[in-house]
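Here, each number is a calculation from the coordinates, and none is a lab measurement. These figures come from a predicted structure and were not determined experimentally. Don't worry about glycine lacking a Cβ; one is built from the backbone with ideal geometry, like all the others, and counts go over all protein chains shown.
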Amino acid sequence: MEQLQLLNLIKMLQDENFDVDYKYIDYRSLYHPTPEGGFKKVASKSALKRVAKKMLPTFLIRKIHSFRVINKNNDFVPYKYSQYEDYYSRMKDGKILQYEKQLLEWADIIFINGEGNIVNGTDKFGKYRMGARYLLFMAWVGKTKFNLPTFIVNHTVDPNNYNAFEIIENVYPKLDKVLVRETLSLPLLEQHNVKNAEFVADALFSYQPADDWKPSEKLSQQIDFSKPYICIGDSSGIRNAYNQVKWNVVDVFSEIINGIKQIVPQVIFVDGYNGGNEDINRVIRKNKIGYVNFDNCGYHDLYQVLKRAKLFISGRWHASILCVLANTPILSWGADSHKTRSLYTLLEYPYRFFEVSTLPANIPEMIDETKKILDKADTIKSKLKTKIETLAVSARGNSSFLKQYVEKK
């Protein structure tokens, strides 16, 4: 889902008619240091779709750079603020981040698509997650060493890590613009003396679906569109690179699905792991339910699938946004940050939110809440439509402010 959100952000930048050239660093930089001269082949726009099953590419513009890079090599990105000057000296001397240095020398403006990087995630060595450390360091270098207008937009801030907060306290106040995509990040930043943050809705709220659609043969094999169905999804809070729940995923999801089937017999699993989580694969097989993932359902297809659902139950941020854009009610549980909880706040959604860690103890309440939402579906849809119109306008703020900076160049 993050891929569709990035495409929407790119479209916003293009709609502003900036006189810029576009380049890409693809998903390879998320795993390994970028070669000193960059990769031999630069990813084209079509590559944005080809890499969706793996990781997001980094989007670069001649006057605007968007960094979204995760790298597992812990030797070249600082994990404490006290290390920043030393790491910059190594960067300046050409020992690390050689290609990034070239890009910063080339750039006029630094535009960082923060996404879901600055969320919970501490590894077994006590170090905060690599992707967040990378973009925070790039922001600091760009602003303090290259004196470039620097912005971080479209993101959540909920690191739950002391070292990360110390970096944020020292980096964010220096930046020209800090835009968070939900309101729960604002008081958290204020607690850490960050006063320059503003709320602007996630870029995905600007998504405009195609009018005509018919399901593919692959989708029709998974979903009987002539019958009602409820979609259920997973969550980054269930398993990620840094943590996983203590409860048995197969048993708990099976119990939830059995409860849902008593209300609406057809249940469809929206697989956020795209077949990469064997527990989720077993849930689908054990319960003999249909499923959608990147193999049979692209982003535009998922919008249509969710539009025809009675309800979407999950802990996925972007899929839930796409769902409410389709005017379908949601029922949410936690993720690897406060982002899914904050969606309720944005929508002024009056229904119960569930902690991911306590799902096994609250399955009866989840089933009861499902019934309540379905009973009030028409009222919910009417209210969602009004909220979405406002959030769609807000989402344009992720790019509209750039005009004054581009025109100065």
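Side notes on the structure shown:
- For the listed residue pairs K227/K383; K339/K381; K214/K286; K124/K385, the alpha carbons are over 32 angstrom apart in K124/K385.
- Net lengthening on full extension, F199/R352 (0.36 nm per residue, minus Cα-Cα): 52.7 nm
- Interchain or long-range residues, amide H under 5 Å from L331's placed H: F312, I313, S314
- FRET efficiency for K286 and Y162, using Cβ-Cβ distance with R0 set to 60 Å, rounded to 0.05: 0.90
- Cα-based shape type of the range 181-288, given that a ≥ b ≥ c are square roots of the gyration tensor eigenvalues and the cut on a/c is 1.5: oblate
- Computed from the C-beta positions of Q191 and D15 and an R0 of 30 Å, the FRET efficiency is 0.25 to the nearest 0.05.
- Among the GluC sites (Glu not before Pro) found in the range 298-381, those both in a DSSP coil and sparsely packed, with 14 or fewer other Cβ atoms within 10 Å of their Cβ, are E348, E355.
- Distance in nm between pseudo-label sites at K145 and K227 (7 Å out along the Cβ direction from Cα): 6.0
- I167 sits among other residues whose Cβ lies under 9 Å from its own Cβ, and their net charge, with Lys and Arg +1 and Asp and Glu -1, is 0.
- The range 105-207 shape via C-alpha gyration tensor axes, a/c threshold 1.5: rounded
- Anisotropy class assigned to the range 217-391 is rounded, per the alpha carbon gyration tensor with a/c under the 1.5 cut-off.
- Amide proton proximity set for N117, modelled H, under 5 Å, gap of 5+: T156
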